[in-house]
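Data first, discussion second: the structure below is written as structure tokens.
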Amino acid sequence: MSNIVLYGMDISPPVRACLLTLRALGLAFEYKEVNLFAGEHRSPEFLQKNPQHTVPLLDDGGALIWDSHAIVCYLVDKYARTDELYPKDLVKRAQVNQRLYFDASILFMALRNISVPYFLHNVSLVPKEKVNNVREAYGHLETFLGESPYVTGDTLTVADLCCAATAASLAAVLDLDTVKYPKIAAWLERISKLPHYTEDNLRGVNKYIGLLKGSLTIV
């Protein structure tokens with residue numbers, strides 16, 4: 001039995017990023033669904049593990065880590081046979097870190113600022129400025145890819161896994177224009193070839209889009 005337990009909800013892009021990383025590392029783990037809509041993340045048991053009451057939450061033999069970016073970096077540093085997914089070279093690592101921070105502060109926040117008001121307060125009217133933030137995020141991601149197959153160059157890293165889990169979910173708000181953003185489209189297609197992609201990301205993406213798309217009105 002694995003000592004690694006991941007708590008999450010599969011509609012969550014950050015949770016899916018952790019699932020993709022666990023699979024990329026070939027690690028055995030237990031996945032425990034936490035129903036955020038039912039308030040399970042605010043139970044005394046969960047709050048004891050994560051007082052911030054967020055998912056994903058990793059329990060690695062008693063070591064408790066939350067925030068997807070902290071989790072994926074920890075997993076690679078501890079368990080990877082090589083540093084390919086999260087390089088130890090300081091310049092390469094800084095580039096990966098920049099993309100991780102981009103995902104956390106720009107890409108995911110553009111999505112979160114629309115989805116959280118809807119899920120928590122049934123706010124379905126979305127100001128154009130918030131949708132423009134999604135467009136801007138697409139634009140930056142297209143630029144980052146440049147002529148490279150992955151977001152920091154020629155090699156898949158945890159930055160790809162985190163950004164892809166979020167970027168695939170942006171269609172819930174704004175469909176990806178494959179003519180305007182061909183590099184993102186090709187990159188997402190490349191990521192979709194990873195083992196277990198359908199189980200670990202696509203299934204949750206489809207659920208997420210199903211919950212949001214058609215329920216929002218841009219004003």
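Numbers at a glance
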| quantity | calculated |
| --- | --- |
| Share of carbon and sulfur in the accessible heavy-atom surface of the chain [1.4 Å probe, %] | 54 percent |
| The chain - charge dipole about Cα centre, Lys and Arg +1 at Cβ, Asp and Glu -1, debye rounded to 20 | 300 debye |
| Per residue accessible area of the chain, 1.4 Å probe, in Å² | 49 Å² |
| Check: segment 44-84 dipole with +1 on Lys, Arg Cβ and -1 on Asp, Glu Cβ, in debye | 80 debye |
| Within straight-line cross-link reach of LYS213, lysines at Cα separation under 18 Å, skipping those fewer than 8 residues along the same chain | LYS128, LYS130 |
| Over segment 1-124 - Rg/Rh using Cα atoms and the Kirkwood inverse-distance radius | 0.99 |
| Packing-based order for 97-110, 198-211, 40-53, using average beta carbon neighbours within 10 Å, highest first | 97-110, 198-211, 40-53 |
| Counting DSSP beta bridges with both ends in the chain, the antiparallel % (nearest 5) | 60 percent |
| Residue among VAL131, LEU156, ASN97 farthest towards the positive dipole end of segment 90-219, charges placed on Cβ | VAL131 |
| 16 Å Cα-Cα reach of LYS183 towards aspartates and glutamates, excluding residues that sit fewer than 8 places from it in its own chain | GLU136, GLU142, GLU147, ASP154, ASP160, ASP175 |
| Estimated distance in nm for a label pair at GLU136 and ARG112, the labels positioned 7 Å out from Cα along Cα-to-Cβ | 1.6 nm |
| Shape box of segment 131-188 [Cα atoms, principal axes, largest first, Å] | 30, 20, 16 |
| Rg ratio (alpha-carbon, reference 2.2 N^0.38 Å) - segment 82-172 | 1.20 |
| Within a Gaussian network of the chain (alpha carbon springs, distance under 10 Å), most fluctuating of VAL151, VAL126, VAL179 | VAL179 |
| Stokes-Einstein D in µm²/s, Kirkwood radius over Cα pairs - the chain at 25 °C with 0.890 mPa s viscosity | 139 µm²/s |
| Segment 71-131 pair-distance distribution - Cα-Cα, 5 Å bins, rounded % | 4, 16, 18, 16, 12, 9, 10, 9, 6, 1 |
| Cβ-based net charge around TYR79, under 14 Å, with every Lys or Arg adding one and every Asp or Glu removing one | -1 |
| Cα-based reach from LYS88 at 20 Å (exclusive), listing lysines while leaving out same-chain residues under 8 positions away | LYS78 |
| Two-site FRET efficiency, ASP77 against ALA185, from Cβ-Cβ distance with R₀ of 35 Å, rounded to 0.05 | 0.65 |
| Volume in Å³ per residue [convex hull over Cα atoms, computed for segment 3-62] | 73 Å³ |
| Set of segment 118-157 residues, backbone N closer than 17 Å to the point 7 Å along the Cα-Cβ line of VAL91 | 152-155 |
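The values are calculated or read from the model by the stated rules, or taken from the named source; none is laboratory data. In this text the structure is predicted, and so the values were computed from the model without any measurement. Cβ sites come from the backbone with ideal geometry, for glycine too, and all protein chains shown count toward neighbours. Areas reflect the complete protein model, heavy atoms only, side chains present, ligands, DNA and RNA absent. Shrake-Rupley method; radii C 1.70, N 1.55, O 1.52, S 1.80 Å.
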